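A.B. asks: Quick one: structure below, then a few questions.
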Amino acid sequence: MVLEGCREALNVAENGGDSSNDVYSRFMKSHTCYDLIPTSSKLVVFDTSLQVKKAFFALVANGVRAAPLWDCKTQRFVGMLTITDFINILHKYYKSPMVQIYELEEHKIETWREVYLQDTSKPLVSICPTASLYEAVSMLIRNKIHRLPVIDPLTGNTLYILTHKRILKFLKLFIADLSKPEFMSKSLEELKIGTYNNIAVVRKDTPIYAALGLFVAQRVSALPVVDDAGHVVDIYSKFDVINLAAEKSYNNLNVSVTKGLCHRSQYFEGVLKCYQNETLETIINRLVEAEVHRLVVVDKEEVVKGIVSLSDILRALVLHTVGPDSS
């Protein structure tokens, strides 16, 4: 059974080396991607001949953030369609509220890929189910991607989409059974975890189109919303952008990000924040319990100082590298 295998692997993680600082790396090396795949999950696959607009509507309808792309001509998976594609299309082709975005309304996925990728097309980054979670974390961070398809090499079928959040949540399930490294009691500042330079932010009245430009140019997944004094008051993430498809309101991107966030449920508890003097253990618990992808680092006055992401955390825990530019 998978659970029994995990328990056996815990012993390997505990006893497989001399340094307790390597315990999470050993844990990841002793588990495979298959161990992490749930018994039941939703997977949406798109054919590249599908219209782009219908594909994004399907993402919304199924409550997923990305889908593998199947090319029936080559009979293989060729890429992923994500919210980032939706943002790139809107940013590239939007003119004004008076002009319909023809490319979004009429283009097929394969057409968009030809236009966007041009001669830079790369093979789909994927992993096999028997590969270790250490390999999965390395591939996610090395390729600067947020989703890694697990593909069965025998059938060619996509079994699951691995994410930073799923991997960290899996580690958290067993973390109490592992010896705690000293660095878990150190602060973000001591460990130099997170990004603190050139943090992209928006104001409440920033037009959505300008926010999309920051997503594209800065390659970030979320933008803290600040007031005139720099205090964080909200956050506008890539996931919020897909609501434009849900409400079919993508033809007017001149409205403010505040209006774009009106779709949020009444259960939204506000921006998840942290301080640089908080320990890594505290940060991990907050990320996992809140099921978010990042925390906004603030000072005592709630002024934005940086961002700490799941990628930053896994890089430090598993690969033992810190800082946004670590290789």
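A.B. asks: For the stretch 259-283, which positions are modelled with pLDDT under 80 and among the hydrophobic types (A, V, I, L, M, F, W, C)?
C.D. replies: PHE268
A.B. asks: State whether the residues of the stretch 230-237 include one that is under 19 Å from LYS273 (Cβ atoms) and open to solvent by 50 Å² or more (accessible area, probe 1.4 Å).
C.D. replies: yes
A.B. asks: If you scan the stretch 22-67, which residues turn out to be within 22 Å of ASP152 (Cβ to Cβ), part of a helix (DSSP H, G or I) and touching a Phe, Trp or Tyr at 6+ places or on another chain (Cβ under 7 Å)?
C.D. replies: MET28, LYS29, LEU36
A.B. asks: Continuing with the same structure: Does at least one position in the stretch 260-268 carry a residue that is part of a loop (DSSP other than H, G, I, E, B), open to solvent by less than 40 Å² (accessible area, probe 1.4 Å), over 30 Å from PHE27 (Cβ atoms) and touching a helix residue (DSSP H, G or I) at 6+ places or on another chain (Cβ under 7 Å)?
C.D. replies: Yes, because at least one residue in the stretch 260-268 is part of a loop (DSSP other than H, G, I, E, B), open to solvent by less than 40 Å² (accessible area, probe 1.4 Å), over 30 Å from PHE27 (Cβ atoms) and touching a helix residue (DSSP H, G or I) at 6+ places or on another chain (Cβ under 7 Å).
A.B. asks: Okay, moving on. Residues that are closer than 19 Å to CYS262 by Cα and among the aliphatic types (A, V, I, L, M): does the stretch 184-201 have at least one?
C.D. replies: Yes; the residues of the stretch 184-201 include at least one that is closer than 19 Å to CYS262 by Cα and among the aliphatic types (A, V, I, L, M).
A.B. asks: Counting only residues that are outside any loop (DSSP other than H, G, I, E, B) and open to solvent by 30 Å² or more (accessible area, probe 1.4 Å), which one in the stretch 290-302 is farthest from ILE141 (Cα to Cα)?
C.D. replies: ALA290
A.B. asks: Can you tell me which residues in the stretch 230-259 are farther than 20 Å from LYS53 by Cα, in a helix (DSSP H, G or I) and touching a Leu at 6+ places or on another chain (Cβ under 9 Å)?
C.D. replies: The one that is farther than 20 Å from LYS53 by Cα, in a helix (DSSP H, G or I) and touching a Leu at 6+ places or on another chain (Cβ under 9 Å): VAL257.
A.B. asks: With the requirement that a residue be free of Cβ contacts under 8 Å to residues at least 40 places away in the same chain and within 17 Å of the chain's Cα centre (by Cα), what does the stretch 221-235 give you?
C.D. replies: Within the stretch 221-235, LEU223 is the sole residue that qualifies.
A.B. asks: Here are the criteria: (1) touching a helix residue (DSSP H, G or I) at 6+ places or on another chain (Cβ under 6 Å); (2) open to solvent by less than 20 Å² (accessible area, probe 1.4 Å). Tell me which single one VAL216 does not satisfy.
C.D. replies: Condition (2) is where VAL216 drops out.
A.B. asks: Under the condition of being in a helix (DSSP H, G or I) and farther than 15 Å from ILE313 by Cα, which residue from the stretch 142-181 is least open to solvent (accessible area, probe 1.4 Å)?
C.D. replies: PHE174
Yes or no, residue by residue, for (1) touching a residue at least 12 places away in the same chain (Cβ under 8 Å); (2) touching a Lys or Arg at 6+ places or on another chain (Cβ under 7 Å):
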{"site": "CYS262", "(1), (2)": "no, no"}
{"site": "VAL271", "(1), (2)": "yes, no"}
{"site": "ASN277", "(1), (2)": "yes, no"}
{"site": "THR282", "(1), (2)": "no, no"}
{"site": "VAL296", "(1), (2)": "yes, yes"}
{"site": "GLU302", "(1), (2)": "yes, no"}
{"site": "LYS305", "(1), (2)": "yes, no"}
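A.B. asks: With the condition kept exactly as written, say whether any residue in the stretch 49-62 is out of contact with any Cys (no Cβ under 7 Å at 6 or more places or on another chain), buried (at least 19 other Cβ atoms within 10 Å of the Cβ) and at pLDDT 95 or above.
C.D. replies: Checked against the condition, which is being out of contact with any Cys (no Cβ under 7 Å at 6 or more places or on another chain), buried (at least 19 other Cβ atoms within 10 Å of the Cβ) and at pLDDT 95 or above, the stretch 49-62 yields no hits at all.
A.B. asks: Can I ask one more? Among the residues of the stretch 74-117, write down those that are closer than 18 Å to LEU214 by Cα and of a type in the set (D, E, K, R).
C.D. replies: If the condition is that a residue be closer than 18 Å to LEU214 by Cα and of a type in the set (D, E, K, R), then ASP85, LYS92, LYS95 are the ones that fit.
The values are calculated or read from the model by the stated rules, or taken from the named source; none is laboratory data. Remember, it's a predicted structure, so these values are computed and weren't measured experimentally. Neighbour counts are summed over all protein chains in view; Cβ atoms, including those assigned to glycine, are modelled from backbone coordinates with ideal geometry. Accessible surface areas use protein heavy atoms only, side chains included; no ligands, DNA or RNA. Shrake-Rupley method; radii C 1.70, N 1.55, O 1.52, S 1.80 Å.
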